[in-house]
């Protein structure tokens, strides 16, 4: 039974190869421990990352409850605006004015379609102080952030474990080379003394 196990799992069985050095056995145990650590840690970190991302998103949603959607009046046509980005030629930034929640009026530039005309009303989101902002987070965006948080946590663990495995491998190879060099030096001394 033991010999069958040794043939099937040579990395975990110390007697599987007579030429294996102590460093080879230690390396195998450490790398197996890292694999087990990843398998046990990944689900826990994914859960923790998802919960942290959800908590942050829900907190942001609470703050965003005070945001309001208002109608901004364009001060110029879309053709006169500055193109937003190289990949989106239909979106331009133009001057606009909108009512603030405190009763005042705010002005600034907003992103609109290139075909928009001066005087047209465009819905935008504003903060309690009247500053333009992005639309509030939707439920789907909260879910996306949960998935992203879980993915980043697992990816981070994978990077740390992968880097640790590389360090273990490099250190093991260095020790192996030193041991082989010492063995060759000892063998060389025995061979040359026989001549």
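What's the number of the only condition in (1) surrounded by 15 or more Cβ atoms within 10 Å (Cβ to Cβ); (2) closer than 25 Å to residue 64 by Cα that residue 154 fails to meet?
With (1) surrounded by 15 or more Cβ atoms within 10 Å (Cβ to Cβ); (2) closer than 25 Å to residue 64 by Cα applied to residue 154, the lone miss is (2).
Could you tell me whether residue 52 is part of a helix (DSSP H, G or I) and either without any contact (Cβ under 8 Å) to a residue 24 or more places away in the chain or surrounded by 15 or more Cβ atoms within 10 Å (Cβ to Cβ) (or both)?
So residue 52 fits the description; yes.
For residue 90, state whether it is farther than 26 Å from residue 145 by Cα, loosely packed, with under 15 Cβ neighbours inside 10 Å and in contact with a helix residue (DSSP H, G or I) (Cβ under 6 Å, 6 or more places away or on another chain).
No, not satisfied.
Considering only region 122-139, I want to know if a residue exists there that is without any contact (Cβ under 8 Å) to a residue 24 or more places away in the chain, exposed (fewer than 15 other Cβ atoms within 10 Å of the Cβ) and not in a loop (DSSP other than H, G, I, E, B).
So far as region 122-139 goes, yes, one or more of its residues are without any contact (Cβ under 8 Å) to a residue 24 or more places away in the chain, exposed (fewer than 15 other Cβ atoms within 10 Å of the Cβ) and not in a loop (DSSP other than H, G, I, E, B).
Only the coordinates and a few stated rules stand behind these numbers; no lab work does. Keep in mind that this is a model prediction, so the values were computed, not measured. Quick reminder, even Gly has a Cβ in these numbers, built from the backbone with ideal geometry, and neighbours come from all protein chains shown.
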